[in-house]
Each structure stands twice: as structure tokens, then as C-alpha cells.
Amino acid sequence: MLGNLKGLLVTLSTFFRHPVTYQYPDEHKPIEDRYMGFPVLMWDAKVEEPYCTGCMVCVRYCPTQCMTAVMKDNPLHADGKSTRRKIVDSFEINLGRCILCGICVDVCNFDAIEMSHEHELSKYARNGNRTNLPKLLEMGKAYQQESGWRPEKEIKAEAEAKPVDEAAETKEETVEAES
Amino acid sequence: MSALETLLLVSVILGVLTGLSVVVLSLTWLERKFLGRMQMRMGPTRSGPYGLLQPVADAIKLMAKEDLLSSWVDRVVYWVAPLAVFIPTFMIWVTIPIAKDLVIQNMEMGLFYIIAFSVLSIVGLVTAGWASSNKYAVIGGFRAAAQLISYEIPLILAVLGVVMLAQSMNLQKVVDQQDTVVYALIQPLGLVIFFIAGLAELGRTPFDIHPAESEVVGGPFVEYSGAHWSVFFLAEYINTFAIASLTVLLFLGGWLFPGVSDDVSALGVLVFLVKTYMVILVIFWVRGTYPRLRIDQLMSLGWKVLVPLAFVNVIITAVYKFYEWPAWSLTIMSVAILVAVVWELSRRMRTAPTPEYTVKLYVPVSEVSNAG
């Protein structure tokens, strides 16, 4: 009996609390850094070309077979501006079929494809999310700017270089302290 | 009847119908918003500011919906049933005053008339269930009959207590009698009985046993859709409003409020509406808090607790009237009985033996009998 009154008090106190609802389409929560959205292609700003060489590793590993890639000889390599002999000619991801598994990112040897923050891609047509190379690169550039992305290889190279320097520095310091 | 009188009658009927429809629209919005906030949701927000146009959108949707009819329904009864529910709920508004002298037809036997008509809607529910030729609908209809008839008794007896206090069945006079002290203070026991029995009459949570979605998937209304279903819906909310306004008129002093003159009708209507909506909010509050009772719990609460309590209420009121004791003596008796009953019920709940179940996880083969 007293429990009944307590129950009434619980609902009353809840009534005066502010609802926790987010009005989603009007109000967006900030996306976390590690959020895994749709895969996009990265842009090498130093040589003004995509990282992707069109090697088709991602295409072969994709479980839903939603990607295609075509490779071509790199004209910039012929001019001596780029180290990539081959470059991607055309690339398409049907993002409507993508299941965001991230396997394409794991298998890529050139850090060319990344899971972006892109996630609001609703379309009215069934194939409305077939995305071509320029669009993928555009989304990739947006993601690079937003997250300050750097290629994995660069980060690794720096990490290997650093410990040596630090060790050398500490040695010098100890020597100085002893003398 | 002259042409002018006919015109007046028609316009009054249309006016009451429109007023009640507006009230129902406001109630649906209020209920969804209020329940939403109690569950830390926002309720309707998308149509209009604060979702105020949501009931209008709902109404348009219901009107535009296809009216489905299954092939084995009893057609005449099936179409008449919504009206049989709706007309009584509409008719009781003939004699419910919303301010001093602001009533269609004031009757000396007003309360008697209201109670007589409010019982009639049960016939509509039962026929709706039967005509649908659907098991759930039939069960729902019978549940409605069982529930509403058994809760009619404590309701009538609670009203009888008020009638004995006021010495009148005229709602105007009942309210006028409360100009010094409202009857909620003199007879709190009556108020509690009336409110609980009223909830059961309405079939609202925690007594929504006849339309219980999880058991009989909407009860008598299973087969109805579109406009015909909305008539039931309309009737339910008008009934809610009616019970709330009866609570206000009988126990909370109607349009009277200290410091507010009851000669101005507009002020009276305002006070009356504010009080009624407060009572309705309490009904929604109860709905947001309690789960549904089982049918046997409902019946035992009705017959073992509320009916005896209602008789006790009548008896103490009679004693108080006969010996002409001061008003506070009835208050004390009423509160004492209420506290005693609540204490006894909670004691029984605490000390009720928990049923023992023995579950055998492993039964040896030798104990398994194949003889039978």
C-alpha cells in the first residue's frame, strides 16, 4: 500500500526531470574520433594524387563485393613527380551494399582507404549510393581535414626513428651528469 | 415544438458535441505529453509547436483510414454498437453543469439520471464484442460487463454518501452546499472510493482489463478500425472527462473557489475546467505509474474492499446526519476508517505467505511411471 504511494512519487519526480531525448535530425551529437563510417579514399596532398594504386586487394577481400577498381600507368611517375608507377583510374563503392566491416582498410598496403565519419547517406533510389572516384576522394579530403589523418607508414617510420634519438639524448645527459 | 426551439436544440447539441470534441483533442495531447514526460520522453513534438497539432493529425488520419469489415460480423449490431457506447456518454452531459446555472437542463434527479445513463454504455461494449465474432472481442466484452457492473455499486454508494450530505440529487444544489467546506474534506473516504471506482468504470489503467492489449488485444474494439473505432475512442475520453468533472462537482466544490465570485459564469467555467484538468492529470499520473491488475485481483478489490467500504461510508454519513454532529466528526470517522483499511491491507500484503513451488530438476527413471 505504501509502495503504491512511493510509485506515484517516483513517476512524479521523473516528470520534473528533463527528457534525455536528442531531436536527431535537428540536433546532432558530435561524432567520436574513432567512429567508423563508410570507407573513403585518401588524397596525397604532397604529390596531388590519390594514395590508391588500383591494386584491387580491397576489391578481392570485400565480403559484399561492393567495390570495383581499375588501374592505369601513372602519368606523374613518367614526369618524375611521383614514386607510384601505377595509379587508380576509376574506383566505385556501392555504399548501399557496404557493411562497414573495415576489411578493405585492414588489407590496404598503401593506406589509401580509410573508414571515414560519413554516415548520413540516405537516398530514395536503391542504387543512389553508388559512389565514384571523385566523390570518394572529396569525402576523403573532408575526413582528412576533419581528423588530421596521416598515413600509417609515416607514423610508423617516425615511431621507429624516435626511440633511437631519445636513447641517444638520455645517454648524453647521463654522461654530462657524471662529469 | 416550434421551429425556433428546434433550431435552438440542434445548435445546443452541435455546440456540446464540438466542445466535447475539443476537450477530447486536448486530452489526447495532454495524455501523450504528460505520460511522455513521466517516462523521460518528450511526447509529440513534430506537428505544430509542442506537438499541439498532433491530435488534429490523428483525427484526420482516423477519418481517412479504410473502414475494414470482416465478412462474418453481424452487420447491424456491429454498426450500432459504437453509437450505443457514444450516445449515453454524450447524454449525461445534458445535466452536468460547468458553472452556476450554465447547464442544458438542470434536473432535480440529475445524479440519478447520470448514473442511469452511464451504465448503458456497457451494452454497447458487450454488443460490440459479440457482433465482431472474434474470441478476443467476446472475452473483452464480457470482461467489460463484469468489471463495469461490479464497480457501478461502489460508485453509486459513494455518490449516495454525497447525496445524503447535500440532501439533494441536483448537481447545482450539491455544489452550492459546498460553499463553506468542500465534501472532499468532510468525506475523504467517499472521494477515494469514487475515484477508484470511477477509474474502473472508465476502464483506464490500472483497470484497463477489457481493452487489455497484451491479453485480449484491444477487447471489444479488435475488429473496429477508422471512424468507427474513433467513436469508441471519443466515448472513452468523454467518459474520462465526465468522471473527472463529477469528481470536481461532488467532492471538490465545482466552480466554487475562495475569493472568486460565482456570479460570473466565465470565471466559474475557468475554475471548473482548471479543477477538472487537475483531476484528469491525476488519472494520467495513475496510468503512468501502475501496471494492470489481473481480473481476479480487480474483482476481489471491488467486492471485498470497495463495496463494504462504500456501505460503511453510507452508514457513517447516516449516523452523522441523524445525530447532527459537527462536520469534523465525519471527517475524523472517514479518515480513521481509510487509514485502518490501508493499514490492514498493507499488513496482509506483507504477511501473505509466499507460495511454495518445488521444481524437480532430475527425476530418476525408476520414479517415472508408465502405468497411466
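Here, each number is a calculation from the coordinates, and none is a lab measurement. From a predicted model like this one, the values you see are computed outputs, not experimental measurements. Methodologically, a virtual Cβ is constructed for each residue, glycine included, from the backbone with ideal geometry; neighbour enumeration extends over all protein chains shown.
Could you estimate the translational diffusion coefficient of the protein assembly as shown from the Stokes-Einstein equation, with Rh from the Kirkwood formula over C-alpha pairs, at 4 °C and 1.567 mPa s, in whole µm²/s?
On the way: Rh = 30.2 Å.
The calculation lands on 43 µm²/s.
Take the Cα atoms of the range B:1-64, find their three principal axes, and give me the spread along each one in whole Å, biggest first.
Here the Cα extents, ordered largest to smallest, are 57, 25, 18 Å.
Per the Cauchy relation, a quarter of the hull surface: what is the mean projected area of the convex hull of the alpha carbons in chain A, in nm²? Walk me through the numbers on the way to the answer.
Values: hull surface 87.4 nm².
It is 21.8 nm².
Chain B: Rg/Rh from Cα coordinates, Kirkwood Rh?
Details: Rg = 23.4 Å, Rh = 22.7 Å.
My calculation of the ratio gives 1.03.
As a footprinting exposure proxy, order A:C52, A:C66 by other Cβ within 10 Å, with the fewest listed first. Each step should come with its number before you reach the end.
On the way: A:C52 27, A:C66 20.
Arranged by neighbour count, lowest to highest, A:C52, A:C66 become A:C66, A:C52.
Provide the gained length on full extension for the span A:K72 to A:K153, in nm with one decimal, where the gain is 0.36 nm per separating residue minus the Cα-Cα distance. Walk me through the numbers before you get to the answer.
On the way: separation 81, 0.36 × 81 = 29.16 nm, distance 2.35 nm.
Length gained, A:K72 through A:K153: 26.8 nm.
Can you pull out the GluC sites (Glu not before Pro) in the range A:55-158 whose DSSP state is coil and whose Cβ has at most 10 other Cβ atoms within 10 Å? Present the calculation step by step, with values, prior to reporting the outcome.
Details: sites: A:E92, A:E114, A:E118, A:E120, A:E138, A:E146, A:E152, A:E154, A:E158; in loops: A:E118, A:E120.
Of the GluC sites (Glu not before Pro), the ones in loops of the range A:55-158 whose Cβ has at most 10 other Cβ atoms within 10 Å are A:E120.
At each listed q (0.13, 0.17, 0.18 Å⁻¹), what is the log10 of I(q)/I(0) that the Debye formula gives for the range B:209-329 modelled as equal alpha-carbon point scatterers?
-0.85, -1.14, -1.18
What lysines does B:K65 reach when the alpha-carbon gap must be under 28 Å and sequence neighbours fewer than 8 apart in one chain are set aside?
In chain and number order, the partners are B:K33, B:K135.
Which chymotrypsin sites (Phe, Trp or Tyr not before Pro) does the range B:41-127 hold that lie in a coil by DSSP with at most 14 other beta carbons within 10 Å?
Values: sites: B:Y50, B:W72, B:Y78, B:W79, B:F86, B:F90, B:W93, B:F112, B:Y113, B:F117; in loops: B:W72.
Here the chymotrypsin sites (Phe, Trp or Tyr not before Pro) that fit, given the DSSP loop and packing criteria, are B:W72.
For chain B, what does -39500 (n - 2.57) per DSSP helix run (n ≥ 4), summed and divided by total residues, give at 222 nm, in deg cm²/dmol to the nearest 500?
Values: 14 runs with 247 residues, N = 372.
Calculated mean residue ellipticity at 222 nm is -22500 deg cm²/dmol.
Set the bar at 29 Å for Cα to Cα. Now go through A:K86/A:K123; B:K61/B:K275; A:K135/A:K162; A:K72/A:K162; A:K123/B:K61 and name every pair that lies beyond it. Spell out each step's value before the answer.
Numbers: A:K86/A:K123 34 Å; B:K61/B:K275 31 Å; A:K135/A:K162 37 Å; A:K72/A:K162 37 Å; A:K123/B:K61 27 Å.
Too far apart for the 29 Å limit: A:K86/A:K123; B:K61/B:K275; A:K135/A:K162; A:K72/A:K162.
Pop the C-beta distance of A:E48 and B:Y50 into the FRET formula with R0 = 56 Å and round what comes out to the nearest 0.05. Each step should come with its number before you reach the end.
Numbers: r = 53 Å, r/R0 = 0.95.
About 0.60, to the nearest 0.05.
Expressed as cubic angstrom per residue, what is the convex hull volume of the alpha carbon set of the range B:1-123?
Details: hull volume 25.8 nm³, N = 123.
Convex hull of Cα atoms, per residue: 210 Å³.
Quick one: if you stick a label point 7 Å off each Cα along the C-beta vector at B:A327 and B:Q167, how many nm between them?
Here the modelled spin labels are 1.5 nm apart.
Rg over Rh of the range B:286-362, using C-alpha atoms and the Kirkwood radius, what does it come to? Provide the component values of the computation, followed by the final result.
Working: Rg = 18.7 Å, Rh = 15.8 Å.
Ratio of gyration radius to Kirkwood radius: 1.18.
For the range A:10-91, what number results from the quotient of the Cα radius of gyration and 2.2 N^0.38 Å? Mind dumping the intermediate values first?
Working: Rg = 23.0 Å, N = 82, 2.2 N^0.38 = 11.7 Å.
Its radius of gyration relative to the 2.2 N^0.38 Å reference: 1.96.
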